[in-house]
Amino acid sequence: MTTTSPVAAPGTLRHQLAEFWGDFSASRGALVGLLFISSMLLIALLAPWIAPHDPALQNREAFLVPPVWHAEGSWTYLLGTDAVGRDVLSRLMFGARYSLSIGAMVVVLSMAVGIFLGLLAGYFRGWVETLITRVMDVVLAFPSLLLALGLVAVLSPGLTSAMIAIAVVQLPYFVRLTRAAVIGEKSREYVTASRLAGASHLRLMFNTLLPNCMAPLIVQATLSFSTAILDIAALGFLGMGVQPPTPEWGAMLANAREFMGSAYWAVTFPGLVILLTVLMINLMGDGLRDALDPKMKRS
Amino acid sequence: MLKFILVKLAQLVPTFLGVTVVAFAFIRLLPGDPILLLAGERGISAERYAQLEAQLGFDRSPLVQYLDFLTGLLHGDLGTSLVTHAPVMDEFMSRFPATMELSFFALLFAVLVGLPAGVIAATKRGSTLDHTLMGISLTGYSMPIFWWGLLLIMLFSSTLGWTPVSGRISYLYFIDTVTGFMTIDTLLAGNWAAFKSALHYLVLPSIVLGTIPMAVIARQTRSSMLEVLGEDYVRTARAKGLSSFRVIMVHTLRNALITVITVIGLQIGVLLAGAILTETIFSWPGIGKWMIDAISRRDYPAVQGGLVLIAFIVMLVNLLVDIAYGVINPRIRY
């Protein structure tokens with residue numbers, strides 16, 4: 001059994017983590033964001049057990065039932081039902097699974113490819129760098145949603161193509177950040193030392209350089225996560241994303257649009273959930289940036 | 001300076017070629033055969049198919065088709081729409097003013113609200129007002145604008161009846177198209193009531209489209225202001241005994257504006273992407289809605305031409321922003 005002192009020695013991972021947590025939790029917004037996203041994640045994971053109804057079940061006796069606080073509302077459907085009698089709350093809970101998992105997949109996909117390309121560009125420079133940055137410039141020349149729409153149209157509308165399309169749109173940001181960070185770090189002494197010790201290109205790129213370039217990438221990852229959730233919903237809204245009857249938030253909005261005048265709840269709640277989720281992730285991102293950016297850090 | 005501009009222009013050429021390759025490749029990869037689509041449900045005979053294929057040039061090798069596309073592009077010819085049979089360039093140009101007008105008013109809203117909000121937040125740093133303003137702007141930044149549009153329609157159009165739901169002007173007025181900008185055309189016609197109607201129709205879509213740029217501008221203004229407020233020359237200005245209004249407006253804001261103007265210029269991509277959603281919600285007859293229709297109808301030449309033209313506009317504006325930045329801030333010229 002080992003005893004640990006309350007304050008870890010400077011320089012150790014434990015100390016760094018403690019310092020990071022101190023900076024991160026100094027922002028109340030970041031904590032609220034973390035709490036909200038954690039509960040959202042929990043709801044998404046537990047949706048099959050905690051959702052009051054089957055999200056696809058159409059109750060013919062309950063079309064457009066208003067939420068519980070209306071006189072005509074009922075406790076069976078807390079947030080009301082949509083035009084074919086499906087429970088809005090249950091659909092929102094199941095929708096969290098799609099939005100969060102697609103968002104996470106997009107970030108993993110574009111971060112992995114983006115870091116790899118960025119490392120190549122920043123490490124080798126020369127024509128490799130020129131080629132990679134030029135291709136990324138082309139991607140950036142299109143408005144993101146338009147490019148994603150075009151890609152989805154090419155790949156045929158659906159979950160996977162929406163995911164790939166949004167990952168491609170997010171790619172340039174990871175490439176640029178990684179490249180800039182690598183160029184900044186490459187001339188530092190520890191890298192030269194490692195090279196003199198005989199480290200291979202791959203080792204230098206992934207073991208020596210990459211860990212020291214992660215801070216801006218983590219902040220970008222949260223930004224990409226929230227953008228991905230917005231874009232997925234936008235594609236769903238335009239009918240180019242996840243296809244009905246899947247309870248995706250954007251598609252729910254598109255379906256409810258015709259009944260906007262008579263059933264505000266079917267429109268209001270899916271959008272509110274999208275807004276809150278994106279807002280909370282961005283709050284977390286702001287907290288992360290303050291905690292990870294050495295320029296902003298108090299000494 | 002001229003060298004700086006020429007270098008920037010030369011850098012655009014490979015990117016632009018890349019854009020044309022992407023736009024061209026996209027269309028070849030789109031699922032569905034455009035000729036079968038043209039033929040409709042009744043189908044088409046093999047001879048007629050070959051005839052149409054030759055007529056549209058789809059039977060040649062992709063490389064020849066691409067070079068043909070590029071040559072046409074340099075002459076301002078983007079082919080004809082498969083649906084309307086009108087030149088794609090004309091289709092685009094007839095709708096572009098509507099998008100530009102909407103984007104202009106959206107940006108106007110964004111600057112008029114975002115800039116003062118950022119300045120006030122920076123000068124009152126750490127106060128409740130600062131936190132409130134930045135909370136609002138982060139909310140705006142996180143806004144799913146398609147929902148925001150529906151929400152505003154439900155409140156202001158359906159419930160209160162203050163604003164129209166869709167279109168550019170009331171059907172009571174018929175205005176000859178001169179510039180394509182409804183606000184200018186109505187003024188040229190001297191029809192004051194029509195001008196007011198056009199403005200009335202612009203209010204909601206502009207707010208919806210301007211929300212995200214507004215948030216970005218407010219955040220950027222605040223952080224640039226805070227950076228400049230820490231500079232020595234600002235302290236000197238204060239020490240000289242200048243009024244704090246003068247210190248903020250003349251010494252701080254003017255210098256902070258350099259980065260803010262760059263950020264404003266870079267909103268063009270955000271505006272064009274947002275236009276797709278905003279125009280769909282408000283049935284605004286601009287290029288965003290046109291592109292969505294073209295994609296869903298598989299109108300190959302229209303999608304292709306639209307992609308190239310939109311990317312071209314974005315690149316051009318970014319170039320102008322770069323040049324403007326070089327003019328204001330000579331340190332970055334190299």
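The values are calculated or read from the model by the stated rules, or taken from the named source; none is laboratory data. Everything numeric here is computed off the predicted structure, so don't read it as measured data. Positions of Cβ are generated from backbone atoms using ideal geometry, with glycine treated the same way; all protein chains shown enter the neighbour counts.
Of note:
- Meets criteria (in contact with a Ser or Thr (Cβ under 8 Å, 6 or more places away or on another chain) and modelled with pLDDT of 85 or more) for B:Leu107: no
- Residue list for the stretch A:241-287, restricted to those being among the charged types (D, E, K, R) and more than 21 Å from A:Glu72 (Cβ to Cβ): A:Glu248, A:Arg257, A:Asp286
- Verdict on A:Gly198 being surrounded by fewer than 23 Cβ atoms within 10 Å (Cβ to Cβ), of a type in the set (Gly, Ala, Ser) and closer than 20 Å to B:Ile276 by Cα: no
- Checked against (1) at pLDDT below 85; (2) at the interface with chain B (Cβ under 10 Å from one of its Cβ atoms); (3) under 30 Å from A:Ser27 (Cβ atoms), A:Met260 passes all but condition (3).
- Within the stretch A:63-81, not a single residue is in a helix (DSSP H, G or I) and in contact (Cβ under 8 Å) with a residue 24 or more places away in the chain.
- All positions within the stretch B:1-51 that are basic (Lys, Arg) and either more than 19 Å from B:Leu82 (Cα to Cα) or at pLDDT 75 or above (or both): B:Lys3, B:Lys8, B:Arg48
- A single entry from A:Gly85, A:Gly95 fulfils the requirement of being in a helix (DSSP H, G or I) and not charged (D, E, K, R): A:Gly95.
- Residue that is nearest to the other protein chains (Cβ to nearest Cβ) [pool: residues in the stretch A:273-290 that are of a type outside the set (A, V, I, L, M, F, W, C) and surrounded by 24 or more Cβ atoms within 10 Å (Cβ to Cβ)]: A:Thr277
- Answer residue from the stretch A:143-188, given it is surrounded by fewer than 24 Cβ atoms within 10 Å (Cβ to Cβ), touching a residue at least 12 places away in the same chain (Cβ under 8 Å) and hydroxyl-bearing (Ser, Thr, Tyr) and is nearest to A:Phe116 (Cα to Cα) among those: A:Tyr173
- Of the residues making up the stretch A:46-62, those that are among the hydrophobic types (A, V, I, L, M, F, W, C) and in contact (Cβ under 8 Å) with a residue 40 or more places away in the chain number 4.
- The residues on offer are A:Val219, A:Val191, A:Val242, A:Val154, and the sole one that is at pLDDT below 85 and more than 14 Å from chain B (Cβ to nearest Cβ) is A:Val242.
- Odd one out for B:Leu63 among (1) assigned to a helix (DSSP H, G or I); (2) in contact (Cβ under 8 Å) with a residue 60 or more places away in the chain: (2)
- Residue in the stretch B:159-169 that is in contact with a helix residue (DSSP H, G or I) (Cβ under 8 Å, 6 or more places away or on another chain) and either under 30 Å from B:Leu229 (Cβ atoms) or basic (Lys, Arg) (or both) present: yes
- Cβ-Cβ under 6 Å pairs, at least 6 apart or on other chains, the stretch A:99-111 side without any contact (Cβ under 8 Å) to a residue 40 or more places away in the chain, far side crowded, with 22+ Cβ neighbours inside 10 Å and not in a helix (DSSP H, G or I): none
- A:Ala233 in contact with a Gly (Cβ under 6 Å, 6 or more places away or on another chain), within 10 Å of chain B (Cβ to nearest Cβ) and within 28 Å of A:Val68 (Cα to Cα): yes
- Residue within the stretch A:164-180 that is away from every other protein chain (no Cβ under 12 Å) and not in a helix (DSSP H, G or I) present: no
- Of all the listed residues (B:Ile276, B:Ile295), the sole one being touching a Pro at 6+ places or on another chain (Cβ under 8 Å) and within 13 Å of another protein chain (Cβ to nearest Cβ) is B:Ile276.
- Some residue of the stretch A:253-274 being farther than 22 Å from A:Pro157 by Cβ and touching a Pro at 6+ places or on another chain (Cβ under 6 Å): yes
Rundown of residues vs (1) within 23 Å of B:Ile207 (Cα to Cα); (2) surrounded by fewer than 22 Cβ atoms within 10 Å (Cβ to Cβ); (3) not acidic (Asp, Glu), yes/no style:
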{"residue": "B:Gln267", "(1), (2), (3)": "yes, no, yes"}
{"residue": "B:Gly274", "(1), (2), (3)": "yes, no, yes"}
{"residue": "B:Glu279", "(1), (2), (3)": "yes, no, no"}
{"residue": "B:Asp293", "(1), (2), (3)": "no, yes, no"}
{"residue": "B:Gln304", "(1), (2), (3)": "no, no, yes"}
{"residue": "B:Leu307", "(1), (2), (3)": "no, no, yes"}
{"residue": "B:Ile310", "(1), (2), (3)": "yes, no, yes"}
{"residue": "B:Asn318", "(1), (2), (3)": "no, yes, yes"}
{"residue": "B:Ile323", "(1), (2), (3)": "no, yes, yes"}
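- Flag for A:Thr227 being out of contact with any strand residue (DSSP E or B) (no Cβ under 8 Å at 6 or more places or on another chain), under 13 Å from B:Pro144 (Cα atoms), free of Cβ contacts under 8 Å to residues at least 12 places away in the same chain and surrounded by 21 or more Cβ atoms within 10 Å (Cβ to Cβ): no
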